[in-house]
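First the structure, in the form of structure tokens, and then the observations on it.
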Amino acid sequence: MAETAPIVREAADEDWPGIWPIIAAVARAGETFAMDAAPDEATTRAAWMTPPPGRVTVACDADGAVLGTANMYANRAAQGSHVASGSIMVDASARGRGVGRALVRDLVTWATRSGYAGIQFNAVVDTNITAIRLYESEGLTTLGIAPGAFMHPAQGPVGLRIMWRQIHCG
């Protein structure tokens, strides 16, 4: 039987027990996000659960299990608030099942509907080839790479990409 596409929806407080293990595992791996490898849950929850006008989503399977999560927000305050940004994390067991793609597409739809001029990902780790290929396939391009800006646990200093997708001009 074919696997169904993940369902992306707004995250609710009750989703945190499904979101937290994903974030904790990504942090522990230390390969794709510049964050403490053993983050404090309360601090992480406060940082991840972006309040409006930002947004937090979860991608779930047909039974409601959280497979991935994204948060989205203005990239910067004031003069940078017309550009969106966000972070996407997928549970290791759900990778390769379209979860990341569903979350990226939802972020693009949200940013477009919200009137952002573009989407900027500030720190895509250069060794995260799967994410880079996904983002490129969804219209983002690499503007530049800061060499050695990320300390990978196995490969040492690797680059961090700034990736961009134009939405509206002007």
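List of remarks:
- Flag for Pro17 being out of contact with any Leu (no Cβ under 8 Å at 6 or more places or on another chain), over 26 Å from Ala154 (Cβ atoms), modelled with pLDDT of 95 or more and not small (Gly, Ala, Ser): yes
- Residues that are of a type in the set (Asp, Glu) and within 17 Å of Phe33 (Cα to Cα) within region 101-148 comprise just one, Asp126.
- The numbered conditions (1) within 20 Å of Arg45 (Cβ to Cβ); (2) modelled with pLDDT under 95; (3) of a type in the set (S, T, N, Q) are all true for Ser81 except (1).
- Residue list for region 32-52, restricted to those being under 14 Å from the mean Cα position of the chain (by Cα), over 14 Å from Gly68 (Cβ atoms) and not β-branched (Val, Ile, Thr): Ala34, Met35, Ala47, Met49
- Yes/no for Ala42 being without any contact (Cβ under 8 Å) to a residue 40 or more places away in the chain, more than 30 Å from Gly156 (Cβ to Cβ) and assigned to a helix (DSSP H, G or I): yes
- Out of Ala65, Ala149, one residue alone is in contact (Cβ under 8 Å) with a residue 24 or more places away in the chain, over 29 Å from Ala5 (Cα atoms) and among the aliphatic types (A, V, I, L, M). It is Ala149.
The values are calculated or read from the model by the stated rules, or taken from the named source; none is laboratory data. Computed from a prediction, not measured in an experiment: that's the story for all the values here. Methodologically, a virtual Cβ is constructed for each residue, glycine included, from the backbone with ideal geometry; neighbour enumeration extends over all protein chains shown.
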